[in-house]
Structures are given as C-alpha cells and as structure tokens.
Amino acid sequence: MTQRRPAGRPRDPAADEAILRAAFELFVERGVDGTSIEQVAKRAGVARLTVYRRFSSKTEILVEVVEWARLVAAPDLAAIGELTPGQLVQHWETALGDRRARQLLIRLVGAIPDHPELARAYWEGIVAPRRALFTAMLEAERDAGNLPPDADPELIQDMVAGALLYRLLVNPHEVGPAEFGDYLRAALRQVGYRG
C-alpha cells in the first residue's frame, strides 16, 4: 500500500503514526473531499514533503488509514485467519463499536461514487484478502455441518456485509458494540449458521 521510499534517512515511526492519526481524524471530521494532504501534514506536525514521501495520493493515505484504524482495534490479517466465527463476531463488535471507526467507514462508502480509485484500492488492499480468509472459514463451517450444504460463502459475506452497511448508513440511532454483535449473530442465523 505505501510506496517504496528511496534510500536515504530512515523513516521516523513517530512521524508515520502522527500522519496516520491526523489523516484518520480529518477523514472522520471532514470526509475525503474535505481533507487535503496539506491539512494532514499540518495536523501531524510534519512537512508536506514528509507526507508525500510516504504516500503518493490522498487515496493511498485513506486506504492505509483504514488498515491502521483496524489494526489499532483488531487483530492483524494472519490472526483473522485463525479466528472462529464466534471470535470473528467479537472482532467486528470491537471494530464497529468504535464511533470514529464507524464514521470513517461511512465516509469511505460515501466517497466511492466520486472516487472509484478509492473503491478499487480499498477492495484490493483490504477487502479481497479478508474475503479469502472468510471464505475458507465459511467452507470449513459448511463442511462441519454448521451451514447448509449448499451455502455459498461468497454470497453469505455479501449478505452479512450488506446488512451491516445498511445498519450503519440508515439507522439514525447510535449503536453500541453489543448491539452490533447481536445483529451479526442474527444475520448469520438467517443464512442458516448453527455454530
């Protein structure tokens, strides 16, 4: 996701963290179109060039911010592959229980029509690798008899993700982590999950 930097001074991890935190805050507050690289640099307390050395575009920063925000609250990609469906629901409770993380996701979805490159980068960098892991998990659950024998793991993911996005985008009430967990478990039961 982050471009390779040329040889030279080593990168400062504190600057990396400051840039991602500033970008996260600005995207949540102002959305994609309301955030500029200059604003990110100013809030992070770094030079604009420092941001450009790490990221070639605002889209690249946003995709990295989504991954950074997820890692702050949840396990890394390798750990997700080891989760049971019950543990995965707990992971989603944690991730979606954070109001700012929900707001970032809502802003991201809202920006996609005007920024198709964002949708592509988000899909390739974040969604696709996780879908492969979730597909393997759901296939194992189907083989164990916890899903109907004709269950389609790809379609189940689309249905559950669609239900979550609907809940995030149109529900006017604040939803807490436990409520998201209950909703996810109910959605999985509706597709026949018996685990």
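The values are calculated or read from the model by the stated rules, or taken from the named source; none is laboratory data. Only a predicted model underlies this, so the values are computations on that prediction, with no experimental measurement involved. Using ideal geometry, Cβ is built from the backbone for each residue, glycine included, and neighbour counts are taken over all protein chains shown.
Residues in the stretch 46-66 that are within 15 Å of ASP33 (Cα to Cα) and over 16 Å from the mean Cα position of the chain (by Cα): SER57, LYS58.
It is to be established whether one or more residues within the stretch 119-134 are buried (at least 19 other Cβ atoms within 10 Å of the Cβ), more than 22 Å from PRO177 (Cα to Cα) and of a type in the set (D, E, K, R). Outline the logic, then answer.
Let us first name the residues in the stretch 119-134 that are buried (at least 19 other Cβ atoms within 10 Å of the Cβ), namely 121-122, 134.
Next, only the ones that are more than 22 Å from PRO177 (Cα to Cα) stay: 121-122.
Checking the rest, the ones that are also of a type in the set (D, E, K, R) come to none.
No, every residue in the stretch 119-134 fails to be buried (at least 19 other Cβ atoms within 10 Å of the Cβ), more than 22 Å from PRO177 (Cα to Cα) and of a type in the set (D, E, K, R).
Of everything in the stretch 148-195 that is touching a helix residue (DSSP H, G or I) at 6+ places or on another chain (Cβ under 8 Å) and of a type in the set (Lys, Arg), the residue that is surrounded by the most Cβ atoms within 10 Å (Cβ to Cβ) is ARG167. On the stretch given as the stretch 125-162, residues that are in a helix (DSSP H, G or I) and either of a type outside the set (A, V, I, L, M, F, W, C) or under 16 Å from the mean Cα position of the chain (by Cα) (or both) total 22. Among the residues of the stretch 10-56, those identified as β-branched (Val, Ile, Thr), part of a helix (DSSP H, G or I) and surrounded by 17 or more Cβ atoms within 10 Å (Cβ to Cβ) are ILE19, VAL28, VAL40, THR50, VAL51.
When the criteria are applied in full, ASP158 meets the requirement of being assigned by TED's automatic domain parsing to the domain that holds ALA79 and either without any contact (Cβ under 8 Å) to a residue 24 or more places away in the chain or over 23 Å from ILE61 (Cα atoms) (or both).
I'd like the residue in the stretch 78-124 that is assigned to a loop (DSSP other than H, G, I, E, B) and either touching an Asp or Glu at 6+ places or on another chain (Cβ under 7 Å) or at pLDDT below 80 (or both) and, out of all such residues, is nearest to PHE134 (Cα to Cα). Reasoning before the result, please.
Our first condition is that a residue be assigned to a loop (DSSP other than H, G, I, E, B); within the stretch 78-124, this holds for 81-84, 98, 115.
Imposing the further condition that a residue be either touching an Asp or Glu at 6+ places or on another chain (Cβ under 7 Å) or at pLDDT below 80 (or both) reduces the set to 81-83, 98.
Details: GLY81: 7, GLU82: 10, LEU83: 9, ASP98: 22 Å.
Going through the qualifying residues, I end up with GLY81.
Close Cβ contacts (under 9 Å, 6 or more residues apart or on different chains) running from residues in the stretch 113-141 that are within 20 Å of TRP92 (Cα to Cα) to residues that are buried (at least 16 other Cβ atoms within 10 Å of the Cβ) and of a type in the set (Ser, Thr, Tyr) comprise TYR122/THR59; LEU138/TYR193; GLU141/TYR193.
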